[in-house]
Amino acid sequence: MISQEMIYDAQFNALSVEAQLLFVRMLAVTDDCGVLPADTYELTTLTNPPKKLRTNLDGLLGEIRGQALMEVFEYGGKRFLMFKRESFDAHQSYLLNKRTRSEYLKMGYEDFVELSKTFQEVPRNYAPVKQKAESRKQQVVSSKNLYGEFKNVALTAEEMVRLVARLGSEEKVGRGIEILSAYKESKGKTYKSDYAAFTTWVVGELEKREAGNGQSNRSTGSGRGRERHTYTQADIDASVVPPPGAGR
């Protein structure tokens, strides 16, 4: 049970309503020693905060730490949140006589008390949400390969397989990649997903170009014996057609 004394605590009352709500939710799921995992996913799963809190979790944690109610420390290669002992003991009256161990650190309470004296607090600029988002972004980027003349078309192996299945051949996918690569290079364009750009407008542009080549063949016979034209960079730039809505 959380002590009623908390509603009169000056530091707690200095928090915003959102930070107070997060603080109470963390108190409800902490282990006997006032420790919680600092990992964003684990913390969100444990506290199950409403969307408004979840999207500003790092800011609210910074607010709570700014009132000296919590700190972040590292142990065993992981980061943990820990309530300051004074505030934790004041607010968690139910646990005081029943606590036995730290579930998250996997150790008894007495061992925790001794070990906590050696904890080094992580600097206040710690932002778990941004760090985790950046980590996910790096993982996604590292799983993609770069294609095209300018090595600026990023696709995963799975996306390449899907494109080959859709267009029927690796050669056709390669021609589409060159269209996208030339467009991105000449326009300085970037996409959140090159695969989405490919399926949205490159496929249509590729089909239009191939249809135009087919008409040319019919007007000149079978087309056999014609010299194969070697495209220059100027040809590519001149033939680049922007995706639908690009000029609006």
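Yes/no matrix, rows are residues, columns are (1) surrounded by fewer than 17 Cβ atoms within 10 Å (Cβ to Cβ); (2) more than 16 Å from Arg209 (Cβ to Cβ); (3) touching a Ser or Thr at 6+ places or on another chain (Cβ under 6 Å):
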site: Ala154; (1), (2), (3): no, yes, no
site: Val161; (1), (2), (3): yes, yes, no
site: Arg166; (1), (2), (3): yes, yes, no
site: Glu170; (1), (2), (3): yes, yes, no
site: Arg175; (1), (2), (3): yes, no, no
site: Ser181; (1), (2), (3): no, no, no
site: Glu185; (1), (2), (3): no, yes, no
site: Lys189; (1), (2), (3): yes, yes, no
site: Asp194; (1), (2), (3): no, yes, no
Output for the range 28-56, where each listed residue is loosely packed, with under 14 Cβ neighbours inside 10 Å, touching a residue at least 24 places away in the same chain (Cβ under 8 Å) and under 28 Å from Leu115 (Cβ atoms): Ala28, Tyr41
Only one of Tyr195, Tyr191 that is modelled with pLDDT of 90 or more, within 37 Å of the chain's Cα centre (by Cα) and not in a helix (DSSP H, G or I): Tyr191
Index of the failed condition, Arg101 passing every other in (1) within 30 Å of Val72 (Cβ to Cβ); (2) at pLDDT 80 or above: (2)
Neighbours by Cβ (under 8 Å, 6+ apart or cross-chain): first from the range 185-198, farther than 21 Å from Arg162 by Cα; second assigned to a loop (DSSP other than H, G, I, E, B) and modelled with pLDDT of 90 or more: Glu185/Glu149; Glu185/Phe150; Glu185/Asn152
Exclusive hit being among the basic types (Lys, Arg), more than 22 Å from Glu114 (Cα to Cα) and either at pLDDT below 90 or in the same structural domain as Tyr109 (by TED's automatic domain parsing) (or both), set Arg85, Arg25: Arg25
For Leu60: the one exception among (1) touching a Leu at 6+ places or on another chain (Cβ under 7 Å); (2) part of a helix (DSSP H, G or I); (3) within 20 Å of Lys117 (Cα to Cα): (3)
Residue check, Glu178 touching a residue at least 24 places away in the same chain (Cβ under 8 Å) and over 27 Å from the mean Cα position of the chain (by Cα): yes
Residue satisfying condition, being out of contact with any His (no Cβ under 9 Å at 6 or more places or on another chain), modelled with pLDDT under 85, assigned to a helix (DSSP H, G or I) and not charged (D, E, K, R), within set Gln11, Gln20: Gln11
Every pair of residues 6+ apart whose Cβ atoms lie under 8 Å, when the first sits in the range 107-128 and is at pLDDT below 80 while the second is outside any helix (DSSP H, G or I) and of a type in the set (Lys, Arg): Tyr109/Arg99; Tyr109/Arg101; Phe112/Arg101; Val122/Arg79; Tyr126/Arg79; Pro128/Arg79
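The values are calculated or read from the model by the stated rules, or taken from the named source; none is laboratory data. Owing to the predicted nature of the structure, the values given are computational and were not obtained by experimental measurement. Note that we place each Cβ from the backbone using ideal geometry, even for glycine, and neighbour counts take in every protein chain shown.
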